[in-house]
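The values are calculated or read from the model by the stated rules, or taken from the named source; none is laboratory data. Everything numeric here is computed off the predicted structure, so don't read it as measured data. Every residue, glycine among them, receives a Cβ derived from its backbone with ideal geometry; neighbour counts consider all protein chains shown. For accessibility, only protein heavy atoms count, side chains too; no ligands or nucleic acids. Shrake-Rupley method; radii C 1.70, N 1.55, O 1.52, S 1.80 Å.
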Amino acid sequence: MGGGGGWGRGGAPPPAAEADVAIVVIGNDPHINGRETQDRADLELPPAQARLVDVVRQFNPRTVLVVVSSYPYALVRENEHVPAILWTSHGGQELGRALAEVVFGLSAPSGRLTQTWYRDAGDLPDLFDYDIIRSRGTYLYFDGEPLYPFGHGLSYTTFGYGELVLSSPEVRPGAELVVSVEVTNTGPVSGAEVVQLYGRQRESRVPQPLRKLLAFERVELQPGERRLVRFVLRGDDFWHWDVVTGRELVETAVHELWAGPSSQVAASRAEVQVVGETPPLRDLAGATLRADCFDDYADMTLADETREHGTVVLSAAAGAWLRYDGVRADGRAARAVVRIAAQTGGPVAVTVRLDDPVTGPVVATAEAVLPPDPYSWREIEVPVPSAVPRSSARSLFVVLNRAGVRFAEITFRSGGGHDHHR
């Protein structure tokens with residue numbers, strides 16, 4: 001391609017304009033800009049590559065875009081204007097042969113994305129935010145519309161799904177549940193489908209994923225061929241981590257199940273009643289609430305308890321709080337022991353409230369002057385007022401008065417005692 005508004009010699013169109021099909025290969029070099037030590041500012045293609053795709057497509061609408069990359073790109077414009085896009089990771093010395101076989105139809109593609117491809121970097125959380133529940137991150141919690149969803153992939157043929165059939169309307173821990181679906185190659189050529197089974201717990205005490213991959217199976221089918229795909233699940237597969245008991249817990253709840261070609265396409269659905277247990281409440285008297293076993297938070301970050309082990313929280317602003325749900329305030333808790341340290345020394349106040357971090361009734365207040373040593377932990381024991389309202393289930397908030405306070409745990413005790421600092 002030449003400059004000055006001309007293409008080729010004498011302003012002739014480039015060879016791509018005269019080709020039956022133009023193939024444009026773009027991507028990244030894993031040895032230069034695909035390393036873990038380098039972060040990208042956005043998800044866009046490099047400008048020169050984006051311009052190349054546009055120019056070739058203008059001269060030849062029959063353009064195939066081949067992307068060889070270590071990571072996803074936001075191919076929004078390309079997805080709208082390029083008729084065929086093929087992606088692969090860096091696959092070694094046989095990569096060229098494999099790509100050629102797919103491009104020229106000698107092999108039908110059957111790969112599926114193991115990542116969500118987003119439309120824009122704005123769909124992603126902050127680079128250092130690892131809370132995928134609150135940030136609605138990964139395919140599990142993302143509630144937007146991705147460019148290409150987790151599990152996405154096309155073929156040179158099409159597939160149809162029959163009814164999703166369950167071996168039983170309910171399942172318990174230790175028991176098996178067989179989920180079956182008939183898959184048919186409805187297209188003109190042979191191909192392989194990756195049948196994916198997803199699930200979602202409809203109601204729970206804690207936030208649950210919007211979708212979760214439970215099983216998958218790759219099946220090769222000739223045109224018109226049908227295959228019954230069976231997934232064997234167990235009741236224990238429907239667990240989630242319970243911060244109250246500190247273990248995997250199978251909660252009694254209805255679960256939606258669906259099978260399809262990706263996490264966003266439900267070709268057939270069914271429901272199963274999981275019979276497990278009800279998450280227990282936290283009895284305020286005798287309970288120890290660890291900092292890393294919270295249900296929600298504001299202005300807190302995780303920190304190390306010691307240089308060797310343990311996880312605590314560090315307040316980032318005044319009024320930072322942790323929330324613990326399912327607390328039973330039965331009036332038996334007489335004293336509270338708060339374990340705290342300070343990133344920056346000085347006066348520290350910890351207020352424990354019910355229902356609301358600002359206006360809720362106060363359960364306990366602990367105050368101390370701490371040294372500027374993040375590993376110098378102090379235990380502050382304070383009384384719990386007898387006027388704390390009783391109830392069967394409440395939310396409890398641990399509120400820190402300023403930034404730089406480290407909180408490890410709070411323990412509630414019944415019976416007598418006296419105020420002391422250790």
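Residues considered: SER180, SER262, SER190. Of these, the only one that is closer than 26 Å to PRO146 by Cα and modelled with pLDDT of 95 or more is SER262.
Among the residues of the stretch 102-126, those that are assigned to a loop (DSSP other than H, G, I, E, B), closer than 21 Å to LEU210 by Cβ and either in contact with a Cys (Cβ under 6 Å, 6 or more places away or on another chain) or open to solvent by 60 Å² or more (accessible area, probe 1.4 Å) (or both) comprise THR114, GLN115, ARG119, ASP120, LEU124, ASP126. Take VAL244 and decide whether it is assigned to a loop (DSSP other than H, G, I, E, B), surrounded by 19 or more Cβ atoms within 10 Å (Cβ to Cβ) and not basic (Lys, Arg). When the stated conditions are applied, VAL244 passes them. So, in the stretch 166-176, of the ones that are part of a strand (DSSP E or B) and of a type in the set (D, E, K, R), which residue ends up most open to solvent (accessible area, probe 1.4 Å)? Only one residue fits best here, namely GLU176.
ALA387 - would you say it is out of contact with any strand residue (DSSP E or B) (no Cβ under 8 Å at 6 or more places or on another chain) and either at pLDDT below 95 or open to solvent by 50 Å² or more (accessible area, probe 1.4 Å) (or both)? Here the answer is yes, as ALA387 does meet what is asked. Scanning the stretch 247-270 for residues that are in a strand (DSSP E or B), touching a Leu at 6+ places or on another chain (Cβ under 9 Å), open to solvent by 20 Å² or more (accessible area, probe 1.4 Å) and free of Cβ contacts under 8 Å to residues at least 60 places away in the same chain turns up nothing.
Checking each residue in the stretch 127-151 for being in a loop (DSSP other than H, G, I, E, B) and open to solvent by less than 50 Å² (accessible area, probe 1.4 Å) picks out ASP131, SER135, GLY137, PHE142, GLY144, PRO146, LEU147, PRO149, PHE150, GLY151.
Restricting VAL179, VAL183, VAL195 to residues that are open to solvent by less than 80 Å² (accessible area, probe 1.4 Å), under 23 Å from GLU248 (Cβ atoms) and touching a strand residue (DSSP E or B) at 6+ places or on another chain (Cβ under 7 Å) narrows the list to VAL179.
Every condition in (1) surrounded by 15 or more Cβ atoms within 10 Å (Cβ to Cβ); (2) out of contact with any Leu (no Cβ under 6 Å at 6 or more places or on another chain); (3) closer than 30 Å to GLN58 by Cβ; (4) not hydroxyl-bearing (Ser, Thr, Tyr) holds for HIS81 except the one numbered (1). The sole residue among LEU99, LEU65 that is surrounded by 13 or more Cβ atoms within 10 Å (Cβ to Cβ), of a type in the set (A, V, I, L, M, F, W, C) and without any contact (Cβ under 8 Å) to a residue 40 or more places away in the chain is LEU99.
So, ALA291, is that one open to solvent by 20 Å² or more (accessible area, probe 1.4 Å), modelled with pLDDT of 95 or more and in contact with a Ser or Thr (Cβ under 9 Å, 6 or more places away or on another chain) or not? When the stated conditions are applied, ALA291 does not pass them.
Surrounded by fewer than 20 Cβ atoms within 10 Å (Cβ to Cβ), touching a Leu at 6+ places or on another chain (Cβ under 7 Å) and without any contact (Cβ under 8 Å) to a residue 40 or more places away in the chain: which single residue out of THR359, THR311 fits that description? Result: THR311 is the single residue among THR359, THR311 that is surrounded by fewer than 20 Cβ atoms within 10 Å (Cβ to Cβ), touching a Leu at 6+ places or on another chain (Cβ under 7 Å) and without any contact (Cβ under 8 Å) to a residue 40 or more places away in the chain.
Residues in the stretch 198-209 that are open to solvent by less than 40 Å² (accessible area, probe 1.4 Å) and touching a residue at least 40 places away in the same chain (Cβ under 8 Å): TYR198, GLY199, GLN201, VAL206, PRO209. Scan the stretch 211-218 and tell me whether some residue there is assigned to a loop (DSSP other than H, G, I, E, B) and at pLDDT below 95. So far as the stretch 211-218 goes, no, none of its residues is assigned to a loop (DSSP other than H, G, I, E, B) and at pLDDT below 95. Would you mind stating whether ASP236 is among the acidic types (Asp, Glu), surrounded by fewer than 18 Cβ atoms within 10 Å (Cβ to Cβ), touching a residue at least 40 places away in the same chain (Cβ under 8 Å) and closer than 30 Å to ALA334 by Cα? No, not satisfied.
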